[in-house]
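FYI, it's all coordinate maths here, none of it is from the lab. Predicted model only: the values in this text are computed from it and were never measured. Here Cβ is always computed from backbone atoms with ideal geometry, including for glycine, and neighbour counts include all displayed protein chains.
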Amino acid sequence: MNKTVLITGAAGGIGSAIARELAENGYDIALNYCHSRDKALQLQDEIIEKYHVRCMAIQADVSKEDEVDTMVSEIEKEMGPVDILINNAGIDLPNLFDEKNAEEFRRVLDVNVVGAYNCAKRVSKHMIDSRYGKIINITSTNGINTYYPMCFDYDASKAALISLTHNLAIQFAPYVNVNAIAPGFIGTEKELEGYDEQFLKSETEKILLRRYGEPQEVAHLVRFLISEEASYINNSIIRIDGGQTGSI
């Protein structure tokens, strides 16, 4: 039997790249989405037709514990227990600092941090019982050393996700590997949308490789981290940013 992977936020640029990469390598894929139903269903059909693995698209707001429980129960019924969890779901509500409000701040934290916690908690029992599991949290270099005045809530959520990674690795030891990937500037459609040429140029100049990354490059790293070749990597935060030197 193929191992079953749950990817949250799977309809987006990085999430869909991860789904295709893992399906190509023989994993069965559960595609979580919140609002992007059409994209998720298209990706589901593509994966089944092209890679001949089991795949299902399933809706849930990961910030809501009851919806996560229902989602995972449905995956278990249709595909078996979740062996690998990729916490990729995340939102960003960019706005000037003085125009941000507590409601928006909480919403970002709920999806980006509480959502990852909800999913990890729900799938961990099977992983611990079976003495096997992989959890990867997709965080960001924004949670490490960058400053963007429009992203205080997003940056705080990604820093919290790094802390959560460390704590979950200890909580689920020794049978579950918990790591985080911290992408820098990745050229997804969402990432590039709305930025002018001068801003993109200035951001690229902060990267030693002088280019932004591709979603597939993040997906390659995910594939490695869930492989047996990476079985001794645990409780680690791995940057994939081309040598990003910071935003200030």
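What number do you get for the range 1-143 when its Cα radius of gyration is normalised by 2.2 N^0.38 Å, N = residues? Could the numbers behind the result be given before it?
Details: Rg = 15.2 Å, N = 143, 2.2 N^0.38 = 14.5 Å.
Taking N as the residue count of the range 1-143, the ratio is 1.05.
Name the residue from I84, I7, A173 whose Cα lies farthest towards the positive end of the charge dipole of the chain, charges +1 on Cβ of Lys and Arg and -1 on Cβ of Asp and Glu.
Looking along the dipole axis, the top candidate is A173.
For Y175, Y33, Y51, Y232, what ranking results if the residue with the fewest other Cβ atoms within 10 Å of its Cβ goes first?
Details: Y175 13, Y33 25, Y51 19, Y232 7.
Ranking Y175, Y33, Y51, Y232 by Cβ neighbours within 10 Å, fewest first, gives Y232, Y175, Y51, Y33.
Taking the Cα centre of the range 4-236 as origin and charging only Cβ (+1 Lys, Arg; -1 Asp, Glu), how large is the dipole, in debye to the nearest 20?
Values: 22 positive and 36 negative charges, 127 e Å.
Computed charge dipole of the range 4-236: roughly 600 debye.
Regarding the range 127-200, what's the average projected area of the Cα-atom convex hull, expressed in nm²? Spell out each step's value before the answer.
On the way: hull surface 24.0 nm².
Taking a quarter of the hull surface, the average projection is 6.0 nm².
What residue among H35, F105, P183 has its Cα farthest toward the positive end of the dipole of the chain, where the charges are +1 on Lys, Arg and -1 on Asp, Glu, each on the Cβ?
P183
Using modelled backbone amide H atoms (1.01 Å from N, in-plane), which distant-in-sequence or interchain residues come within less than 5 Å of I186's amide H?
Answer set, sorted by chain and number: G213.
With a point put 7 Å past each Cα toward its Cβ, work out how far M150 is from D69 in nm, to one decimal.
So the two model labels end up 3.9 nm from each other.
How large is the dipole of the range 125-248 about the Cα centre if only Lys and Arg carry +1 and Asp and Glu carry -1, each at its Cβ, rounded to the nearest 20 debye? Present the calculation step by step, with values, prior to reporting the outcome.
Working: 11 positive and 15 negative charges, 94 e Å.
So the dipole magnitude of the range 125-248 works out to roughly 460 debye.
Hey, if you put +1 on the Cβ of every Lys and Arg and -1 on every Asp and Glu Cβ in the chain, which of F152, A60, N235 ends up farthest toward the positive end of that dipole?
Of the listed residues, the answer is N235.
Going by C-beta contacts inside 10 Å, put H52, H126, H166 in order with the fewest on the left. Don't skip to the end; give the middle numbers.
Details: H52 10, H126 17, H166 14.
The most exposed by this proxy come first: H52, H166, H126.
Give a quick list of trypsin sites (Lys or Arg not before Pro) in the range 116-197 that DSSP marks as loop, anything other than H, G, I, E or B, with at most 10 other Cβ atoms within 10 Å.
Details: sites: K121, R122, K125, R131, K134, K158, K190; in loops: R131.
Sparse-neighbourhood loop trypsin sites (Lys or Arg not before Pro): R131.
Of the candidates D98, D155, D110, which one comes out as most mobile in a Gaussian network treatment of the chain with C-alpha springs shorter than 10 Å?
D98
Normalised radius of gyration for the range 62-155, please: alpha carbon Rg relative to 2.2 N^0.38 Å, two decimal places.
Details: Rg = 15.7 Å, N = 94, 2.2 N^0.38 = 12.4 Å.
So the Cα radius of gyration is 1.27 times the expected 2.2 N^0.38 Å.
If you compute Cα extents along the principal axes in Å for the structure shown, which of (i) 50, 43, 29; (ii) 54, 46, 35; (iii) 49, 37, 36 do you land on?
Computed from the coordinates, Cα extents along the principal axes in Å corresponds to (iii).
With every atom except the alpha carbons ignored, what do you get for Rg and Dmax of the range 108-162, in angstroms?
Reported Rg and Dmax, both Å: 13.6, 44.
Quick one, can you get me the convex hull of the C-alpha atoms of the range 104-248 expressed as volume per residue in Å³?
Numbers: hull volume 16.3 nm³, N = 145.
So the per-residue hull volume is 112 Å³.
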